[in-house]
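Notes follow once the structure below has been shown.
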Amino acid sequence: MSEINTLAAFYAFSGGALWLLGSLLFIGFDKVNTQANRWLGAFYFILACSFTQLFLEEFEIGGSFLIHLLELPRWAMLPCLYMAVTGYVSPSLPKKDKLLHFVPFLLFLVFSLVYLMPKFFNGQYHLPILPPWIGFIVRYFSFGQMVYYWIVCFLLLRRHQKNIKRVSSFTDKIDLEWLRYLLISVLVLIFIRILSISSIHVTYYSPILYFLGIILLAYSTLSQKSIYAIEAYQPPEKDGIAPQKVLNERLTAEQVEELKSIVTRKTDSEKLYLDPSLTLSVLSGKIGISTHELSYVLNNGLGKSFYQFINELRTEEAKSLLLSEDTKHLDMLGVAIRAGFNSKTTFYTTFKKATKLTPKEYIKANSKTS
């Protein structure tokens, strides 16, 4: 019994860590993503309630009323995560219909007040007998909710990471990579829950496994970067293609070819790509066309996103710099900055994707042939 209690004590560690993490988010350790952080903090508070409940149940502390109070907000947990993710991926857009996501929680709250709470105070009350399927929903709805909202949050993040490549030539500080690791940590917790239902061995060690998952969750959260809106997103697009019906009426095939020539010539000859903060709207202003037209020309005329188009030009610039005698004194970060990249990571990734070689391998390969 003592060994089981020792393992179950990790529920208290997990709950305590989540209470602390939620408090940090509410206090505002990041002054930029305040609203999204508060939704995420609410998610952690409700998750902390779940682990506190598990701890109290395991050690038989507190009454059934306290246990039920800790369970009450559970149906609001994943909607809070969803609201946090939408706040991170689109901080400047209004959140419509957010109350709809909390309707199941409100229904469960009403159900508890009518059917469950009275029995903690007075056992003599008469209410209609509910059909069995309602009991099934109450028992398993939160699990289905977890799976559904995790998938929705992951798709939102993927769409964000695709969108930023349509409007920006740099993604290092705005790609929300930390949020991907956070969602993976949440998925780990979901898998532990599934496995603990089907395997007694996993159930036995689940307090420790949950605690390790919470550590991953905390690390991902605390490593987040502030998100500043670089420019407004374009209207939603399907499959990465701009609204074709409108643009097809505006641009003929000949006009697309003409604009493609202007875009490539002006961007290359004036070396506009050397600006590390270059965005779709900035380039469209320099060329003299709208952002929608520029996006359409890049996607359909060149078959590239804005991110690909600009960073391929930067890669070509980097090739020249790597082999130039005038830049031999520069290290790789210096070459990256001179070529227009805003980080060495983006430089290495883009360069290797284009050449199948690292910058140093490229220098060696071309030194042998020269």
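Laboratory data are not the source of any read-out in this text; all were calculated from the coordinates shown. Note that this is a predicted model, so its numbers are computed, not measured. Cβ coordinates were reconstructed from backbone atoms using ideal geometry, including for glycine residues, and neighbour counts include every protein chain displayed.
Full extension of the chain segment joining residue 364 with residue 302 gains 19.2 nm, where the gain is 0.36 nm per residue of separation less the Cα-Cα distance. A Förster radius of 22 Å, combined with the Cβ-Cβ distance separating residue 212 from residue 180, puts the computed FRET efficiency at roughly 0.75. Neighbour counts of C-beta atoms inside 10 Å place 320, 343, 14, 198 in the sequence 198, 320, 343, 14, starting with the fewest. Our estimate of slack between residue 198 and residue 275, defined as 0.36 nm per intervening residue step minus the Cα-Cα distance, is 22.2 nm.
Calculated FRET efficiency, residue 107 to residue 172, Cβ-Cβ distance, R0 = 51 Å: about 0.75 to the nearest 0.05.
Between rounded, prolate and oblate, where does the range 255-369 land on the alpha carbon gyration tensor, with a ≥ b ≥ c its root eigenvalues, rounded for a/c under 1.5, else prolate if a/b exceeds b/c? Note, shape of the range 255-369 comes out prolate.
Annotation: amide H-H contacts under 5 Å for residue 168 (H modelled 1.01 Å from N, sequence separation of 5 or more, or interchain): 280, 307.
For the range 150-162, backbone phi angles converted through the Karplus equation (6.51, -1.76, 1.60; θ = phi - 60°) give residue-by-residue couplings of 5, 4, 4, 5, 5, 5, 4, 5, 4, 5, 4, 5, 7 Hz, Gly and Pro being listed as x.
Within the range 2-222, the proportion of Cα pairs with more than 24 Å between them is 49 percent. Here r is the Cβ-Cβ distance between residue 139 and residue 57 and R0 is 22 Å; the resulting FRET efficiency, rounded to 0.05, is 0.90.
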